[in-house]
Amino acid sequence: MNQLEAALRYLNDPLNWTRTNGIVDLLLQHLQISVIAVAVAVAVGVPVGALLGHTGRGGAFTVALSNVSRAVPTLALLTVFAVTPIGFGPTATTIALALFALPPVLTNTYVGFRGVDRDVVEASRAMGMSERQVLLRAELPLAVPLLMTGVRTAAVQVVATATLAALVAGGGLGRIITLGFRQQDYGAVLAGALLVALLAVATELLLALVSWAVTPGPRRLAFGRVRTRQVGAGTVAATP
């Protein structure tokens with residue numbers, strides 16, 4: 001029996017899903033760690049990136065922070081936390097993943113706000129908007145696509161990297177992989193990897209849908225486009 005068959009057999013066993021610390025329990029732990037980490041990164045990165053992008057200051061700081069943080073492996077942070085009061089466990093993993101998710105959120109938010117046409121900003125000010133109104137009503141809607149790209153990138157990276165939580169007693173789907181290696185059950189290792197990959201793809205698709213929903217502008221699917229035809233001096237919409 002090859003490893004793929006062993007992985008499918010592992011996934012088709014109901015006991016592996018329903019038992020204590022089974023797939024369902026580990027999936028919930030994985031999601032909890034990932035959601036908290038991304039939420040913290042968004043709560044910090046979006047306001048800071050929006051403010052820096054709005055004022056036009058801190059560009060060098062943002063790029064430097066992004067480059068430096070990407071050079072530090074998450075596993076190295078977990079090792080450092082082990083010798084501090086934070087120790088091992090879900091808290092250490094969540095903090096490390098939040099730091100890992102912060103750079104793409106901060107950088108994309110900054111670039112999104114900084115990339116807003118300055119004519120739009122000046123026109124908003126000329127209309128009497130305060131700086132807060134300019135940021136929220138004029139710049140934010142135009143920065144949403146890049147902002148959400150940063151959130152999507154961070155979320156997918158966190159979901160994939162959260163497997164490291166199993167190395168520091170943090171739970172998550174990574175426990176299936178580590179336990180499989182210890183028992184030399186490579187079917188279980190492959191099953192755990194497949195679950196993490198499917199969760200990452202599902203996260204990408206879900207956030208792509210959220211991004212589409214929150215981005216201002218006309219929304220229409222490719223098969224539902226509205227065509228126009230000329231009738232006399234006017235234009236009439238014609239649905240397919």
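The values are calculated or read from the model by the stated rules, or taken from the named source; none is laboratory data. Because the structure is predicted, anything quoted here is derived from the model rather than measured. Cβ sites come from the backbone with ideal geometry, for glycine too, and all protein chains shown count toward neighbours. We work out accessible area using only protein heavy atoms, side chains counted, and drop any ligands, DNA or RNA first. Shrake-Rupley method; radii C 1.70, N 1.55, O 1.52, S 1.80 Å.
Quick notes
- Computed with every protein chain present, the accessible area of M127 is close to 150 Å² [probe 1.4 Å].
- Chain lengthening between Q3 and V24 when straightened (0.36 nm per residue, less Cα-Cα): 5.4 nm
- Most mobile of R175, R114, R19 in a GNM of the chain (Cα contacts under 10 Å): R19
- On a per residue basis, region 1-70 carries 60 Å² of accessible surface, using protein heavy atoms and a 1.4 Å probe.
- Efficiency of FRET from Cβ geometry, V44 and A76, R₀ 25 Å, rounded to 0.05: 0.75
- ³J(HN,Hα) computed for each position of region 194-205 - Karplus, 6.51 cos²θ - 1.76 cosθ + 1.60, integer Hz, glycine/proline x: 5, 5, 5, 5, 5, 5, 5, 5, 4, 5, 4, 5
- Neighbours of A6 by Cβ distance under 12 Å: Lys/Arg scored +1, Asp/Glu scored -1, total -2.
- Long-range amide H partners of L173 with built H, under 5 Å: H30
- Counting only alpha carbon atoms, the long axis of helix 59-71 and the longest principal axis of the chain meet at about 20°.
- Heavy-atom surface of region 163-213, accessible at 1.4 Å and reported per residue (Å²): 51 Å²
- Placing +1 on the Cβ of every Lys and Arg and -1 on the Cβ of every Asp and Glu, with no other charges, gives the chain a dipole of roughly 580 debye about its Cα centre.
- Between N67 and D117, the simple label model (points 7 Å from Cα in the Cβ direction) yields a spacing of 3.2 nm.
- Between 0 and 90 degrees, the angle of helix 90-114 with respect to the longest Cα principal axis of the chain falls at about 20 degrees.
- The angle between the Cα long axis of helix 140-161 and the main principal axis of the chain comes to about 10°, on a 0 to 90 degree scale.
- For the chain: relative contact order, % (alpha-carbon pairs under 8 angstrom, 6 or more apart): 24 percent
- Within the accessible area of the chain (1.4 Å probe), percent carbon and sulfur: 66 percent
- Ligands, DNA and RNA excluded, the heavy atoms of F61 present near 120 Å² of accessible surface to a 1.4 Å solvent probe.
- Three-way shape call for the chain based on the alpha-carbon gyration tensor, with the a/c threshold at 1.5: oblate
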